[in-house]
């Protein structure tokens with residue numbers, strides 16, 4: 001089959017529509033057995049120098065947009081996804097995510113959420129200059145309206161599930177992504193040249209707030225938590241904090257290495273290592289990402305159906321084989337698309353997690369077998 005391009009008519013190219021499933025109808029014991037069956041594979045992979053795992057992600061579009069405001073419906077839809085996911089052959093199980101939405105830490109600087117009907121929540125930059133942001137006294141996340149909502153969502157999920165299924169942290173933005181939402185990015189980029197020390201100060205403040213709220217979430221989640229979290233194949237057997245860093249492309253590789261990478265690494269160091277994500281083609285920034293202290297994993301899109309600007313897989317095979325850094329590779333498409341991507345991504349010494357979105361259990365089983373066959377040589 002020929003490669004398909006990114007379908008811009010879809011609300012979520014990486015989403016699977018689900019029917020909600022009430023808590024009382026969910027088979028918690030069955031899912032616990034399913035998760036336990038994968039634990040050994042995940043543990044061995046994480047400890048090994050190289051290897052491959054397959055994850056069929058179940059991302060419910062409604063949950064990752066306006067549905068994140070409704071705790072009952074969000075949980076029911078995600079439980080439906082967990083139940084359905086057991087039909088799809090994979091090495092890494094799916095997990096619940098109480099809250100999705102950027103801007104959580106930005107709220108500390110006075111941002112208020114905008115909730116348009118049937119849309120994901122949004123924020124506007126609350127401070128109009130770096131000087132104004134540095135003069136502002138931020139409050140802890142849990143004291144903001146969205147922070148309280150997130151805490152209540154986590155508490156509700158834990159109360160309803162009693163921690164019997166894996167649950168991740170909230171959608172975690174990197175300190176740099178947070179800074180670019182606190183101040184209009186056009187203003188902030190001027191400070192790269194005019195006040196780089198002030199820029200680092202703001203980013204460090206964002207990092208401190210992020211660390212504190214991450215710990216707050218961990219206190220609530222306990223042993224239920226999976227790593228790296230949102231957007232990544234995640235397991236209780238893995239480590240490292242996943243952070244979305246899409247605005248890396250606003251900086252040159254050298255600027256990112258100097259201004260941002262050490263701060264990102266500082267956050268990751270508190271939680272088992274830094275884990276990087278960016279949408280789009282960020283291959284020109286590979287060396288900058290590798291400069292993040294304590295980098296343990298990264299995420300990228302590697303097929304045209306996943307992202308309108310996917311990454312060139314060969315560069316990642318060259319740069320990450322033998323490093324011990326896990327490459328979380330998102331590949332939307334049929335088994336042929338997945339196999340072609342993996343053939344270009346795989347190289348002896350790689351630690352590769354192939355994240356698929358095959359439409360049927362049969363297609364997933366074929367993709368699973370082909371991935372493991374390619375990577376066994």
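No lab work stands behind these numbers, since they all come straight from the coordinates. Note that the coordinates shown come from a computational prediction; the quantities given were computed from them, not determined experimentally. For neighbour counting, all protein chains shown are included, and Cβ atoms are generated from backbone atoms with ideal geometry for every residue, glycine included.
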*Let a ≥ b ≥ c be the square roots of the eigenvalues of the Cα gyration tensor of region 100-168; is it rounded (a/c under 1.5), or, if not, prolate (a/b larger than b/c) or oblate?*
prolate
*Exposure proxy check: 370, 330 ranked by fewest other beta carbons within 10 Å?*
370, 330
*Over what distance in Å are the Cα centres of region 182-230 and region 94-112 separated?*
12 Å
*Quick one: 96, 251, fewest Cβ neighbours within 10 Å first, how do they rank?*
251, 96
*Report relative contact order for region 266-377 in percent, whole number only (criteria: Cα-Cα under 8 Å, sequence separation at least 6).*
22 percent
*What ranking do 374, 292 get, fewest neighbouring Cβ atoms within 10 angstrom at the top?*
374, 292
*Got the relative contact order for region 211-288 handy, in percent, Cα pairs under 8 Å and 6 or more residues apart?*
30 percent
*Where a ≥ b ≥ c are the square roots of the eigenvalues of the C-alpha gyration tensor, would you call region 69-195 rounded, which needs a/c under 1.5, or, failing that, prolate if a/b is larger than b/c, or oblate?*
prolate
*Over region 23-374, what is the mean sequence separation of C-alpha contacts under 8 Å (at least six apart), divided by residue count, expressed as relative contact order in percent?*
18 percent
*the chain - mean residue ellipticity at 222 nm from DSSP helices (-39,500 (n - 2.57) per run, n ≥ 4, rounded to 500)*: -13000 deg cm²/dmol
*Part-to-part distance (alpha-carbon centres) for region 248-274 and region 20-69, which is given in Å*: 28 Å
*Within the chain, what percent of beta bridges assigned by DSSP are antiparallel, to the nearest 5?*
10 percent
*Rounded to the nearest Å, what's the spacing between the alpha carbon centres of region 132-154 and region 318-341? Just the number, please.*
37 Å
*Where labels lie 7 Å past Cα in the beta-carbon direction, separation of residue 27 and residue 142 in nm*: 3.7 nm
*Could you work out which residue, out of 354, 296, 114, moves most in a Gaussian network model of the chain, that is, has the largest mean-square fluctuation with Cα springs under 10 Å?*
114
*Taking 0.36 nm per residue of separation and subtracting the Cα-Cα distance, what length does fully extending residue 72 through residue 124 add?*
16.0 nm
_Prolate/oblate/rounded call for region 23-374, Cα gyration tensor, a/c under 1.5 rounded_ = oblate
